[in-house]
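The values are calculated or read from the model by the stated rules, or taken from the named source; none is laboratory data. Values in this document were obtained by computation on a predicted structure and should not be read as measured data. Neighbour counts run over all protein chains shown; Cβ positions are idealised from the backbone, glycine included.
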Amino acid sequence: MSAPSEGTLRRVATFVAAFGIGVATYIAIADSGGGSPVCIAGGGGCETVANSTYSHLLGVNIAVFGIGGYVLLLAASLLRGDAARMVGFGVALVGFGYSVYLTYLELFKIEAICQWCVASAVLMTTLFALNAIRMVGYVGKPA
Amino acid sequence: MSGKGSREARREERLRAEGESEQGERRKRLLQIGSAAAFLVVAVVLVLIVISANKTSGGDTNLEDVGLVAKQLKGIPQNGLVLGESSAKVTLYEFGDLKCPVCKGFSEEIVPNVIDSKVRDGEAKIEFKNFTIIDEESTPAGAAAIAAGAQGHGWSFIELFYRNQGSETASYVTDEFLTEIARGAGVPDIARWDKDRKSPKTVAEVESTTQEAEKLGFTGTPSFAVEGPGSNGLETLGTPGSSGALEEAIDAAS
């Protein structure tokens, strides 16, 4: 089975990154008002996670870092060439790694699951897969 | 003509091969960089998880049991340092010190049963009163709880503090630690909480309840008292050794 074309990978990554910006922006806005994101299925998991000490890094809500990451991924998916392929892969790799760590924290330290964080983790995992395929399949080749 | 054309063709062929080789080398180099980055990120994530897993609950700022406390108190009204319906006929008073390890034991082993059996259904409410006996850090800790109570998260603060309590003789009640507890307890306005906890009025309240405990004859923490329609005013209970004893006292006061 051949790898999808680079154009297809970039188009899907653009869509997923834009969706990720929306999710991260919602979490950041909900937190900025002193509240927390609303878990659609209830259960209070979102509130517990938002109130935990892990929701902030250096005093800044981690969703703000998420917005930055998704914006970089959106830019990388819109641009051609090796620089865009490498930046896309690097940012998605770091985002995916941090998502794994946050999911671990939710399951074993905070003991609560936030649907919005899970949604972001799924989007970041998808972006990592897309950017990994793009890099392995096309890096070093003409744009 | 044919000799010259042949030379040019060979030259073009050589340049093309060199270009492809260069492209292949570049691709190989970039893939190596990507693999190294992936390896590095996997290593960093594993280190973060191992560090996080080894954190103890001894007063550090990575809070333990945030979810557990939220679950335990979910759906029960909190007003000031009172847990339970304001209309509950019986009030159980707990005089405690947030730095006291025995109070932590009560908070984890005995009080939860009373909350589930008597407070959740509205039969009784529990009011926490600061009785500072450990050291000078007990007062700012108690004041921070009162300030959290002003925003409806007093008991969340108390329970979370106990679950992240440090050693009795250690100095760990820093501004940072208290702020982490307040955040973990869900205090919505941290700036207001910070101002409230430092106000002379809040500190005076801690001192006032400590004097109240001494007047009641208590000498250690936690000490309990109960008041209800069936009690003879405020009845002191001392330090009952089981949740059953507290439940019986509540029944008697009903």
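Residues in region B:209-233 that are surrounded by 16 or more Cβ atoms within 10 Å (Cβ to Cβ), in contact with a helix residue (DSSP H, G or I) (Cβ under 6 Å, 6 or more places away or on another chain) and farther than 20 Å from B:Glu159 by Cβ: 3 in all. Among the residues of region A:126-143, those identified as within 13 Å of another protein chain (Cβ to nearest Cβ) and in a helix (DSSP H, G or I) are A:Phe128, A:Ala129, A:Asn131, A:Ala132, A:Ile133, A:Arg134, A:Met135, A:Val136, A:Gly137, A:Tyr138. Please go through region A:86-105 and give me each residue that is crowded, with 21+ Cβ neighbours inside 10 Å, more than 9 Å from chain B (Cβ to nearest Cβ) and out of contact with any Ser or Thr (no Cβ under 7 Å at 6 or more places or on another chain), ordered by number. Passing the criteria: A:Val91, A:Ala92, A:Gly95, A:Leu102. Going by the conditions given, is B:Ala150 out of contact with any Ser or Thr (no Cβ under 8 Å at 6 or more places or on another chain), among the hydrophobic types (A, V, I, L, M, F, W, C) and farther than 20 Å from B:Ser167 by Cβ? Against the criterion (out of contact with any Ser or Thr (no Cβ under 8 Å at 6 or more places or on another chain), among the hydrophobic types (A, V, I, L, M, F, W, C) and farther than 20 Å from B:Ser167 by Cβ), B:Ala150 qualifies.
The residue that is nearest to the other protein chains (Cβ to nearest Cβ), counting only those in region B:183-208 that are surrounded by 21 or more Cβ atoms within 10 Å (Cβ to Cβ) and among the β-branched types (Val, Ile, Thr), is B:Val187.
Candidates B:Ser107, B:Ser117: the one that is closer than 26 Å to A:Ser55 by Cβ, more than 11 Å from chain A (Cβ to nearest Cβ), surrounded by 15 or more Cβ atoms within 10 Å (Cβ to Cβ) and out of contact with any Pro (no Cβ under 8 Å at 6 or more places or on another chain) is B:Ser107.
Within the option set B:Phe106, B:Phe95, being touching a helix residue (DSSP H, G or I) at 6+ places or on another chain (Cβ under 6 Å) and modelled with pLDDT of 80 or more holds for one residue only, B:Phe95. For B:Glu8, the conditions (1) outside the structural domain of B:Gln165 (by TED's automatic domain parsing); (2) among the acidic types (Asp, Glu); (3) closer than 19 Å to B:Ile181 by Cα; (4) modelled with pLDDT of 85 or more are fulfilled apart from (3).
Within the bounds of region B:13-35, is there any residue that is surrounded by 19 or more Cβ atoms within 10 Å (Cβ to Cβ), in the same structural domain as B:Thr236 (by TED's automatic domain parsing), part of a helix (DSSP H, G or I) and modelled with pLDDT of 85 or more? Within region B:13-35, none of the residues are surrounded by 19 or more Cβ atoms within 10 Å (Cβ to Cβ), in the same structural domain as B:Thr236 (by TED's automatic domain parsing), part of a helix (DSSP H, G or I) and modelled with pLDDT of 85 or more.
If you go through region B:213-254 and keep only what is polar (S, T, N, Q), under 15 Å from B:Val90 (Cα atoms) and either without any contact (Cβ under 8 Å) to a residue 12 or more places away in the chain or part of a strand (DSSP E or B) (or both), you end up with B:Asn232, B:Thr236.
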